Amino acid sequence: MTMRFPKVFPQGFKPTFYPERLKEPSEHKKPSKIFVCSIADIFASWTPLEWRNAILDAIYGCPVKHTFQLLTKNPENIPKGYVFPENVWVGTTVTNENDDWKNVAEIKKVNAKVRFVSFEPLLGPLPEDVSLKGLEWVIVGKLTGSNKVPINFEWLTSIIDKTADLGIPLFLKNNLGLARKMQQFPS
């Protein structure tokens, strides 16, 4: 069977670098929030260092003061002592798989103005020994495109309560299907 990929993924899901896209943020004159490498991970071990450096150079050299959001499943690969500019938010994904709760502690070590955790998909309760204190933002969502993995509202309520107690802005994704929206951002 031959796999056919849409035009946006001409290489399938093989890591691919598009250097021609590095200039796109500079072309947007109005400051925006830009989610960098939305289906990639520039801090993953399989991402070539040259690609990571080119992406970061494009971010740092951008004349427009966008807010750049970086998300990684591998926060331990962010170089120790590295300082991100104020307009670069750095986060990690935590799903409750493969003992990834450690990512919460790892992202807190990163020197960025906004450090965040994305619990997407939220597949388990927040353990009692995992503290959200020290984060500037929390995102929660369910498995995108799946009705087979329902959200556990007890787990969600626990995170809502903990972020409220700590004064952490909370962004609940639309895919949770909640009647009331809560989509806060760090200031």
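Read-outs throughout are calculated quantities, based only on the coordinates presented, and are distinct from any laboratory measurement. Treat the numbers as computed from the prediction; the structure is a model and nothing was measured. Here Cβ is always computed from backbone atoms with ideal geometry, including for glycine, and neighbour counts include all displayed protein chains.
Note that segment 106-113 has calculated 3J(HN,Hα) couplings of 5, 5, 5, 7, 6, 8, 9, 4 Hz, one per residue in order, obtained from phi through the Karplus relation 6.51 cos²θ - 1.76 cosθ + 1.60 (θ = phi - 60°); glycine and proline are x. For the chain, take the longest principal axis of its alpha carbons; what is the angle in degrees between that and the long axis of helix 153-166, to the nearest 10 within 0 to 90? Between the helix axis and the principal axis of the chain, the angle is about 80 degrees.
Converting phi to 3J(HN,Hα) with the Karplus coefficients 6.51, -1.76 and 1.60 and the offset θ = phi - 60°, segment 171-187 yields 10, 9, 5, 4, 5, 6, x, 7, 5, 9, 7, 9, 10, 8, 10, x, 7 Hz in sequence order, with x at every glycine or proline.
If you keep only loop residues by DSSP, which trypsin sites (Lys or Arg not before Pro) in segment 148-187 have at most 11 other Cβ atoms within 10 Å of their Cβ? Present the calculation step by step, with values, prior to reporting the outcome.
Values: sites: K148, K162, K173, R180, K181; in loops: K148, K173, R180, K181.
When the trypsin sites (Lys or Arg not before Pro) of segment 148-187 are filtered for loop state and at most 11 Cβ neighbours within 10 Å, K148, R180, K181 remain.
Straight-line cross-link reach from K102 at under 21 Å between alpha-carbon atoms covers these lysines, not counting any fewer than eight positions away in the same chain: K73, K80, K113, K133, K142, K162. Loop-resident chymotrypsin sites (Phe, Trp or Tyr not before Pro) (DSSP state other than H, G, I, E or B) in segment 18-84 with no more than 14 further Cβ atoms inside 10 Å of their Cβ: W46, Y82. Taking the Cα centre of each part, how many Å lie between segment 122-143 and segment 24-100? Taking the Cα centre of segment 24-100 as reference, the centre of segment 122-143 is 20 Å away. Per residue, the convex hull spanned by the Cα atoms of segment 43-187 measures out at 131 cubic angstrom.
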